[in-house]
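The values are calculated or read from the model by the stated rules, or taken from the named source; none is laboratory data. None of the values given here were measured: they were computed from a predicted structure. Every residue, glycine among them, receives a Cβ derived from its backbone with ideal geometry; neighbour counts consider all protein chains shown.
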C-alpha cells in the first residue's frame with residue numbers, strides 16, 4: 001500500500017514539472033526562437049472609396065533659421081626655436097647657472113669650454129670665442145658672470161650674422177666654380193626668408209638645387225620649400241632628379257599634389273641632368289617662376305657621383321635656367337661630420353646655403369656656429385620637426401637667445 005502511494009506521488013510531481021515547462025515555452029519572446037506570424041495586411045479600400053491622404057508635417061512659420069557655418073580650422077602656430085631646442089638648451093643649462101655667479105672664476109672658463117664642446121660648436125670656434133672673452137675680461141670690459149653671458153651672446157650672434165654667398169666679395173670665386181653665375185649689381189635679387197635668392201628676371205627661370213648625402217631629408221625638404229613658395233604666390237615646378245632611390249619620384253609627386261605644383265620625372269636610373277634640363281625648359285614654356293630640383297644622395301667621397309652633380313649644376317645654369325641657390329641639406333644629428341660633407345660639396349657645386357634638418361632631435365645644435373664660422377656658409381633654413389610647416393627660416397639672434405636665456 002505504501003509503495004502504491006509513493007508511485008502516485010512520483011506521477012503527480014512529474015506531471016507538475018511537465019506543466020511548468022510547457023508554460024515557460026509558451027511565454028518566451030519571439031526572439032528566443034518562437035515563430036511569429038505577421039498580421040495580415042489591411043484590406044484595400046473598396047472601389048470608389050477615397051484613398052487615405054498622406055500625413056504632411058508643415059514647416060514652422062517664419063523664416064528658416066540660418067545655417068551655422070562650420071568653424072574654420074585654426075592654423076598651427078609656427079614652431080618656436082626655444083620650444084624645439086630642448087636638448088641643446090639642456091647642454092647650456094649648466095653654463096647659465098655658472099654665469100649667474102657675481103665673479104668670473106677659473107671654473108667658469110672650464111664650464112664654458114666644456115659646454116661649447118658638448119654642443120658641438122667645434123674646437124676651433126670654441127677656442128676663438130674663449131680668447132675673445134678672456135681678452136674682454138682682462139681689459140675690464142666684462143666684470144661678472146652676467147656680463148660674460150651677454151658678451152658670449154653678442155659674440156655668437158656676430159658669428160652667425162655672416163653675409164650671403166652671392167655678395168660681391170665672393171662673386172669671383174662663385175663665377176669660376178663650374179659655371180656659377182652670380183647676379184650683377186644692376187640686377188634685382190630679392191631675399192625670401194633668410195636670404196633665399198629669387199631673381200625673377202624676365203626670360204629666365206630661377207633654379208634651386210638641393211644636394212647632400214643619403215638620408216638627410218632632401219626630398220622632404222624640397223616638398224616643404226615648395227609648399228612655402230606656393231603659399232607666397234609663386235608658380236613652382238619640381239624636378240625629380242633623384243632617379244636612383246626607389247620611390248623618390250613617387251614621394252616628390254605626392255608633394256607636387258599637396259602643393260599644386262607641376263613635376264617633371266624620368267625613368268628609374270635615368271640621367272638626372274636630362275630631367276633637370278627638361279624641367280627648366282618646361283618651366284620657361286609654361287611661365288613657372290621657380291624650379292626646385294631634387295638630386296640623389298651621394299657620398300662626398302665618391303668622385304664619379306660628385307662629377308655627375310657638377311654636370312647637373314652646369315646643365316641647370318644653361319639659358320633660360322639660372323641657379324640662384326644651391327642648398328646643402330645636412331642632418332644636425334651628425335654634428336661635426338657635417339663640416340666635412342659641407343666642404344666637399346661646396347668645392348664641387350658652389351653651395352650657397354645650408355638647410356639643417358632634425359635640429360629639434362639633437363644636443364649638437366652648436367654645429368650651426370661651426371658651419372657658419374669655419375665654412376662661411378649661412379644656415380638658411382632649419383627643420384624643427386616632421387610637420388609640413390616645421391621648416392623655418394634661421395634667425396641668428398632668436399637661435400642664440402633660445403640657448404642662453
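Structure notes:
- Segment 221-253 - residue that is more than 19 Å from residue 288 (Cβ to Cβ) and in contact (Cβ under 8 Å) with a residue 12 or more places away in the chain and, of those, surrounded by the most Cβ atoms within 10 Å (Cβ to Cβ): 242
- Pair list, Cβ under 6 Å, 6 or more apart: segment 283-296 residue in the same structural domain as residue 273 (by TED's automatic domain parsing), other residue surrounded by fewer than 20 Cβ atoms within 10 Å (Cβ to Cβ): 284/320; 288/235; 289/234; 289/235; 290/234; 296/244
- Residue under evaluation residue 241, criteria (1) farther than 17 Å from residue 328 by Cβ; (2) in contact with a helix residue (DSSP H, G or I) (Cβ under 6 Å, 6 or more places away or on another chain), criterion not met: (1)
- Residue count, segment 196-219 (criterion: out of contact with any strand residue (DSSP E or B) (no Cβ under 7 Å at 6 or more places or on another chain) and over 23 Å from residue 302 (Cβ atoms)): 3
- Residue 125 being modelled with pLDDT under 95, under 21 Å from residue 396 (Cα atoms) and not in a loop (DSSP other than H, G, I, E, B): yes
- Residue count for segment 290-321, restricted to those that are in contact with a strand residue (DSSP E or B) (Cβ under 6 Å, 6 or more places away or on another chain) and either modelled with pLDDT under 85 or farther than 22 Å from residue 247 by Cα (or both): 5
- Residue list for segment 354-363, filter: buried (at least 24 other Cβ atoms within 10 Å of the Cβ) and in contact (Cβ under 8 Å) with a residue 40 or more places away in the chain: 355, 357, 359
- Considering the conditions (1) under 25 Å from the mean Cα position of the chain (by Cα); (2) modelled with pLDDT of 70 or more; (3) assigned to a loop (DSSP other than H, G, I, E, B), residue 194 is excluded by exactly one of them, (2).
Every residue, every condition in (1) buried (at least 20 other Cβ atoms within 10 Å of the Cβ); (2) under 30 Å from the mean Cα position of the chain (by Cα); (3) within 29 Å of residue 340 (Cβ to Cβ), yes or no:
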{"residue": "81", "(1), (2), (3)": "yes, yes, yes"}
{"residue": "92", "(1), (2), (3)": "yes, yes, yes"}
{"residue": "124", "(1), (2), (3)": "no, no, yes"}
{"residue": "129", "(1), (2), (3)": "yes, no, yes"}
{"residue": "135", "(1), (2), (3)": "no, no, no"}
{"residue": "142", "(1), (2), (3)": "yes, no, no"}
{"residue": "155", "(1), (2), (3)": "no, yes, yes"}
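Rundown of residues vs (1) buried (at least 22 other Cβ atoms within 10 Å of the Cβ); (2) in contact with a helix residue (DSSP H, G or I) (Cβ under 7 Å, 6 or more places away or on another chain); (3) assigned by TED's automatic domain parsing to the domain that holds residue 259, yes/no style:
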{"position": "327", "(1), (2), (3)": "yes, no, yes"}
{"position": "339", "(1), (2), (3)": "no, yes, yes"}
{"position": "381", "(1), (2), (3)": "yes, no, no"}
{"position": "387", "(1), (2), (3)": "no, no, no"}
{"position": "394", "(1), (2), (3)": "yes, no, no"}
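- Qualifying residue in segment 310-322 (condition: in contact (Cβ under 8 Å) with a residue 60 or more places away in the chain and at positive phi): no
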